[in-house]
Amino acid sequence: SWVCEDSLYKIQQSFDALFKNMPNRWLAHGMRFVVFPLGMRYRAPSDELEHKLAAAILRPSAERDRLTAGMYLPSDMKEKVKLLDEAMQIAVETRGLREKLKAAAKDKTLQAKGNAQISEAVEKGLITAGEAAALRRAETLRQEAIKVDDFAKLT
């Protein structure tokens, strides 16, 4: 699998760096030949492969479950890990609703932006009140998740 090849690529690069930093060039070339008799065969993963991996772990999937198995997940929403997990899950759940609102805004069915757009969509019957609440919750969690170094003002 690509994970194994990525690891082998990193090991290969580490050996290459070691050989480049050896003070005795003859010894370095000899060691390089012993370790890489057929040359350095592994390449870095392609951007396309990295994008596929990112897509696989950014939504609930078997791949993501294998990677996060045994990982500590706190129950308190004050913990960033729990907040990020909740934000991701609700973002996945509300993706279709966000796309629906985006399409309605593009068609000029909806004129408002942000929370006002959600309210307008409920008024026009595009989404239910429950769906609107889910969208608002998703936006609140998204805003909380992206806050970094948000400290109270010192007086």
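The values are calculated or read from the model by the stated rules, or taken from the named source; none is laboratory data. Since we're looking at a predicted model, the values are computed, not measured. No Cβ is skipped: glycine too gets one built from the backbone with ideal geometry, and neighbour counts run over all protein chains shown. Side chains are part of the model used for accessible areas, which takes the heavy atoms of the whole protein and leaves out ligands, DNA and RNA. Shrake-Rupley method; radii C 1.70, N 1.55, O 1.52, S 1.80 Å.
May I ask you to list the GluC sites (Glu not before Pro) in the range 37-142 that are in a DSSP loop and have at most 15 other Cβ atoms within 10 Å of their Cβ? Don't jump to the answer; show the numbers that get you there.
Numbers: sites: 48, 50, 63, 79, 86, 93, 99, 120, 123, 131, 139; in loops: 79.
Taking the range 37-142 and a limit of 15 other Cβ atoms within 10 Å, the loop GluC sites (Glu not before Pro) found are 79.
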For residue 127, residues with placed amide H under 5 Å, excluding near neighbours: 122
Distance between the range 122-139 and the range 1-36 - C-alpha centres, whole angstrom: 56 Å
Relative contact order %, the range 80-155, counting alpha carbon pairs below 8 Å whose residues are six or more apart: 40 percent
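Cα-based Rg of the chain per 2.2 N^0.38 Å, rounded to two decimals? Spell out each step's value before the answer.
On the way: Rg = 24.8 Å, N = 155, 2.2 N^0.38 = 15.0 Å.
That ratio works out to 1.66.
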Sequence of 14, 75, 61, 7 from largest to smallest accessible area, 1.4 Å probe: 75, 14, 7, 61
Degrees separating the helix 25-35 axis from the principal Cα axis of the chain, which is the longest one: 70 degrees
Crossing angle, helix 80-93 versus the chain [Cα axis fit, 0-90 degrees, rounded to tens]: 60 degrees
Overall dimensions of the range 1-92 by Cα: Rg and Dmax, Å: 20.2, 59
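Given 0.36 nm per residue, what is the gain on full extension from residue 147 to residue 41 after removing their alpha carbon distance, in nm?
Length gained between residue 147 and residue 41: 33.9 nm.
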With DNA, RNA and ligands ignored, accessible area of residue 140 (1.4 Å probe; Å², nearest 10): 80 Å²
Portion, in percent, of the accessible area of the chain that falls on carbon or sulfur, probe 1.4 Å: 58 percent
Length-normalised contact order of the range 1-152 in % [C-alpha pairs under 8 Å, at least 6 apart]: 17 percent
Principal-axis tilt of helix 47-57 within the chain, Cα atoms, nearest 10 degrees: 50 degrees
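Please give me, ordered by residue number, the trypsin sites (Lys or Arg not before Pro) of the range 1-76 that lie in loop per DSSP and have at most 10 other Cβ atoms within 10 Å. Walk me through the numbers on the way to the answer.
On the way: sites: 10, 20, 25, 32, 41, 43, 52, 64, 66; in loops: 41, 43.
Answer by residue number: 41, 43.
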Convex hull volume of the range 1-45 per residue (C-alpha atoms, cubic angstrom): 57 Å³
